[in-house]
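Okay, so here's the structure we're looking at.
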Amino acid sequence: MLTTVLKGLGLVLAALVLFAFGVWGVGALWYQGPASEAARFALALAWAALALAGALGAVWRRLRPACFGFAAAAVALLGWWTTITPSNHRDWLPELSRGVTASFEGDTVLVHNIRDFVWRSETDYTPNWVDRRYNLDDLSGVDMFMTYWAGPSIAHMIVSFGFKDGRQLAFSVEIRRPKGVEYSPVAGFFKRYEQIFIAADERDVIGLRHVRPEESQLYRIRVDPKRARGLLVEYLKRANEMAAHPRFYHTVLSNCTTEVFSMVRAAGFDPPWDYRILANGYLPQLAWSERLLDERHSVEELGKLGRVDDRFPPLPIDSVAFSARIRDGVPTPAPMR
C-alpha cells in the first residue's frame, strides 16, 4: 500500500515538474523566439501542447510515449537556450550606452564614464559623460536611496559614496535596455535584458527619478569608512568585470538589490538573508533592524524625513551643492563605536 502511494506521489511530482518546465519553455520561446509575433505564438503553442501531453503522460500510461517526445524537444530547447549570450554591443538607450569602469592607482582610483546628465524630462536632457579621480582615503560615508514607483514592496536601490570634499559618487545597478525595448518583470526571467553598472552624480541619477516621477527617499547609513572603502572597491571591480564579460539581468536572481547584497558580502560584511532582499521596498526596515540607521527615529519617520522631493532644488545647481541640499535635515546616525 505504502509503495503504491509513494509511486503515485512520485508520478504526480514528475508531472508537476514537467508542467513547470513547460511553462518556462513557453516564456523562453515567447521572449526569445523569432521576431515575428505569429511565429513566436505558433512555437509557444506547439511547445505548450507537447508539454501538457508529456505531463499527462507521467501519470497516464496511454500517453507515456509523449514523455519521450517532450524529452527530445526539451533537449533541443535547452541546447538553443545556451546559444543566447549577453552582449555589450546593441543600440542602447543613450543613458545606458556606457557602463562605468575604473583604473586603480594605489589609493587613488580614476573612474571612467560617470554619467552627469541634466534631466528636464525623460526625453529632454543634456547628456554628459566624465572621468573623475578619487582618493579612497577621502571616503567619508555611504548613503542609500530607495526610489518607489510600484507600491511599498518594490523599489530601486541606489548606493552613494561620499567624499570629504563634498562630492558623491552614486551607483545604480540597472537593466540595460536597447532603444524601443520596454521593461517587463516577466521578461526579466528570460534573458531579455543585459545588466549594467551606472556611476553618476546624484544630480543625474536622482534627477532622473524626479522627472519620471518616482518617490526617492534618502537614508544615511552607519558604516565605518574603512569598510565602506572595501564596498566601493568591490563595486568598481564588478563594473570592470561586467565591461569585459557582460551578464544578463534576472528579475529575482540578479537585480539591483541581489547584486548589491552579493557585493556587500564580498566586501566583508555579513548581512542576514532576509525576504526583504527580494521585497526590496522594505530594505529600510531591514537596515534599521541591523542598526545601520539613526535609531532616534522610527523607520517610518526616517522615510518621511528623507523624502528627496521635499527639498529638491528648484533651479539647476552644481553637483556638490545638489547633494548638500537634498541632505538638509536628513538624520545622520551616530558613528560606529
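The values are calculated or read from the model by the stated rules, or taken from the named source; none is laboratory data. Predicted, not measured: the structure shown is a model, and the values here were computed from it. Backbone-built Cβ (ideal geometry, glycine too); neighbour counts: all protein chains shown.
Below are the figures for this structure:
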| quantity | calculated |
| --- | --- |
| Residues of region 180-223 that turn out to be of a type in the set (G, A, S) and over 20 Å from V142 (Cβ atoms), as a count | 5 |
| Subset of region 16-43 (residues that are farther than 21 Å from A71 by Cα and not hydrophobic (A, V, I, L, M, F, W, C)) | Y31, P34, S36, E37 |
| Considering residues of region 108-123 that are modelled with pLDDT of 95 or more and charged (D, E, K, R) only, the residue nearest to L93 (Cα to Cα) | R115 |
| Residue within region 328-337 that is among the basic types (K, R) and not assigned by TED's automatic domain parsing to the domain that holds S216 present | yes |
| Cross-chain or 6+ apart pairs with Cβ under 9 Å, region 264-284 first and surrounded by fewer than 17 Cβ atoms within 10 Å (Cβ to Cβ), then at pLDDT below 75 | R265/P271 |
| Subset tally (residues that are touching a Gly at 6+ places or on another chain (Cβ under 9 Å) and surrounded by 17 or more Cβ atoms within 10 Å (Cβ to Cβ)) for region 165-188 | 5 |
| Helices (runs of 4 or more DSSP H) completely within region 229-323 that count 1 or more residues being in contact with a helix residue (DSSP H, G or I) (Cβ under 9 Å, 6 or more places away or on another chain) and at pLDDT below 90 | 258-266, 283-289 |
| Extreme residue, nearest to N128 (Cα to Cα), among residues of region 288-337 that are in contact with a Gly (Cβ under 7 Å, 6 or more places away or on another chain) and among the β-branched types (V, I, T) | V320 |
| Residues of region 75-97 that turn out to be part of a helix (DSSP H, G or I), closer than 30 Å to E182 by Cβ and of a type outside the set (D, E, K, R), as a count | 9 |
| Failed item, numbered, when S121 is tested on (1) out of contact with any strand residue (DSSP E or B) (no Cβ under 9 Å at 6 or more places or on another chain); (2) within 30 Å of G25 (Cα to Cα); (3) assigned to a loop (DSSP other than H, G, I, E, B) | (2) |
| Residue tally, condition part of a strand (DSSP E or B) and among the aromatic types (F, W, Y), over region 162-213 | 3 |
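To keep it simple, each residue is scored yes or no on (1) assigned by TED's automatic domain parsing to the domain that holds G303; (2) under 24 Å from the mean Cα position of the chain (by Cα); (3) at positive phi.
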site: V75; (1), (2), (3): no, no, no
site: N88; (1), (2), (3): no, yes, no
site: F104; (1), (2), (3): yes, no, no
site: N113; (1), (2), (3): yes, yes, yes
site: D116; (1), (2), (3): yes, yes, no
site: R120; (1), (2), (3): yes, no, no
site: V130; (1), (2), (3): yes, yes, no
site: W149; (1), (2), (3): yes, yes, no
